[in-house]
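The values are calculated or read from the model by the stated rules, or taken from the named source; none is laboratory data. These numbers were taken from a predicted model, which means no experiment stands behind them. Backbone-built Cβ (ideal geometry, glycine too); neighbour counts: all protein chains shown. These accessible areas exclude ligands, DNA and RNA; they are computed on the full protein's heavy atoms, side chains included. Shrake-Rupley method; radii C 1.70, N 1.55, O 1.52, S 1.80 Å.
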Amino acid sequence: MNSVKSREAEISVHNQAYEVGESSVSDASDEVAEAKLQKRARLQKELTFQDLYENQELFDEDDDEDGDWDPSQLQKCLEVIKWLCKNCTVDNINDDVCCRICGEHKDSKILSLGHFASPFAPDEDLNEIRPTIKGLRDIDPLESAANSSTAIGFDERMLLHAEVEMKPHPHPERPDRLRAIAASLARAGIFPGRCCSIPAREITQEELMMVHSSEHIESVEVTSKLMSSYFTSDTYANEHSACAARLAAGLCADLASAIVSGRAKNGFALVRPPGHHAGVKDVMGFCLHNNAAVAALAAQAAGAKKVLILDWDVHHGNGTQEIFEQNNSVLYISLHRHEGGAFYPGTGGAHEVGYMGAEGFCVNIPWSRGGVGDNDYIFAFQHVVLPIASEFAPDFTIISAGFDAARGDPLGGCDITPSGYAQMTHMLNALSGGKMLVILEGGYNLRSISSSATAVIKVLLGDSHVCELENSFPSKSGLQTVFEVLDIQNNFWPSLKPIFMNVMSLWKMYCLAKKSKPTKKRRRVIPPMWWRWGRRSFLFHMLNGHLRVKSK
């Protein structure tokens, strides 16, 4: 039961709504209405405000005399109609036409037009394209690879992985992520169209056992018998989740094998649930099976001796690092927001370099703040990623492509643009003879992930003419992070020593320039003694009329 004060407040709101509805009634009717309200108030002392409308039968005795009273009018007065933004899932008031956070129109067709849908208009003038990708599973990958160099891995059954429990806001890792990307690719004529597809298959338990423990695999499989379950507070599963995770891992494994064997030049795995947080034993961070780890081992089984995994998701891929931190045939490089361990999942400091003979094969570039953009990432690529990757000389490259560091992402809080992602993909494309697989990880702003994924695939197709940035000078925090990483990693990679010296010189110049910058001292104004001594009491007495001038 609510407190007395809350009941009185509820009665007051009830009375106000009643008075609005009965403003045109005569004075005599007002007296009758007031008596009825007093009677209702007495009953309300035994009911909460919610009970009042769930138990309307208690007031049926007055229906004949009070036929004009409609409780739904009060509900309409109190209810604030809201709409959820399709792009970022933020609540908006019904009067708003565009989202207050991302600016997306309330009637946006981003799920059918992708990022080509206007964020400011309902796109009534555009014809919707609803991609039907299910039938593409019947295409022979060997035959289609002859006509297209880029393979796409997708299966509509991965859309069935969704949170069952209804909550005020949809879970950020939702099926619409794949729908928006697929719509963008269809609108651009990329897929279906210019890319080949591979038949989807579920990964086998034997293949998963090379990455995860048997307990991990069993914990995921058991969810197929449950309508709804949770591994952690933010990692859900339903009866279709285990199948979706097996399909995602199977597609990544087959794409890696097809690229290494030459049946496709490169590929993009349009898969979910994501995987880079899934470790040997742990399910966490929206991730069930580690797709990148499965793909790396499949590539090695197909003939690739050395594999590079570049993870640009805004969160550190703690699961991928755990799986390979003792393996010197797999180089794991991650650029992520860290903030001294305060940003999820808290791992991925620059000092985490691998162990047991694999020191230096884990390279973490941990940003110390949010808002990191293209210049910082490109600078890190030029001075850390590419020099180490070139010295490692991988036979196959995997990108754990989370797009939650993109501009506008509700979880990432960073500022990478689609052109920035295209530039990084272009820079990595020179490694391993162009044999590259891009695997979707995070990314929760539909417009950001669909435009960024499309830009990356255009690079894979060779369509995007990326202009390399020569003067990509980083922010102060970005320069400091790269300097600290080089200070650690140059102990393991000889090619970094001259780069470390150059960056150290830049850092010293920055620090000296900051110290030598002239600062203009402000002249301190000293008030008179009478003002400093009694200004507060003087003002108080003057404003309150306590000071009076004595008359002579």
Per the charge dipole of segment 238-387 (beta-carbon charges, Lys/Arg positive, Asp/Glu negative, Cα centre), the residue among Ala248, Ala302, Ala278 reaching farthest to the positive end is Ala302
Determine, from the Cβ-Cβ distance of Leu160 and Met501 and an R0 of 56 Å, the FRET efficiency 1/(1 + (r/R0)^6), rounded to the nearest 0.05. 0.55
Around Ile198, which amide H atoms from residues at least 5 apart in sequence, or from another chain, sit under 5 Å from its own amide H, with H modelled in the peptide plane? Ile152, Phe154
According to the Cα gyration tensor, what semi-axes, each the square root of 5 times an eigenvalue, does the equivalent ellipsoid of segment 212-325 have, listed from largest to smallest in whole Å? 25, 15, 12
Under unit Cβ charges (Lys, Arg +1; Asp, Glu -1), what dipole magnitude, rounded to 20 debye, does segment 302-422 have relative to its Cα centre? 120 debye
Once you charge only the Cβ atoms, +1 for Lys and Arg and -1 for Asp and Glu, what is the size of the charge dipole of segment 323-389 about its Cα centre, to the nearest 20 debye? 80 debye
Neighbours of Val97 by Cβ distance under 9 Å: Lys/Arg at +1, Asp/Glu at -1, summed charge -2
Residues whose built amide H sits under 5 Å from the amide H of Val372, excluding neighbours closer than 5 in sequence, are Asp415
With unit charges on the beta carbon (Lys/Arg positive, Asp/Glu negative), name the residue among Gly373, Phe392, Cys362 whose Cα is farthest towards the positive pole of the charge dipole of segment 331-485. Gly373
Using the basic label-point model (7 angstrom from Cα toward the beta carbon), what is the Asn491 to Leu226 distance in nanometres? 4.3 nm
Between Ile93 and Lys476, what FRET efficiency follows from the Cβ-Cβ distance if R0 is 45 Å, with the result rounded to 0.05? 0.70
Taking a ≥ b ≥ c as the square roots of the Cα gyration tensor eigenvalues, with a/c under 1.5 meaning rounded and otherwise prolate when a/b beats b/c or oblate if not, segment 389-454 comes out prolate
Accessible area of segment 203-305 divided out per residue, in Å², using a probe of 1.4 angstrom: 34 Å²
Carbon + sulfur, % of accessible area of segment 209-343 - ligands and nucleic acids excluded, 1.4 Å: 50 percent
Phe120-Glu339 pseudo-label distance in nm [points 7 Å out on the Cα-to-Cβ vector]: 3.2 nm
Net charge over other residues, Cβ less than 15 angstrom from the Cβ of Met227 (K, R count +1; D, E count -1): -2
Probe 1.4 Å, protein heavy atoms only - accessible area per residue of segment 368-462 in square angstrom: 22 Å²
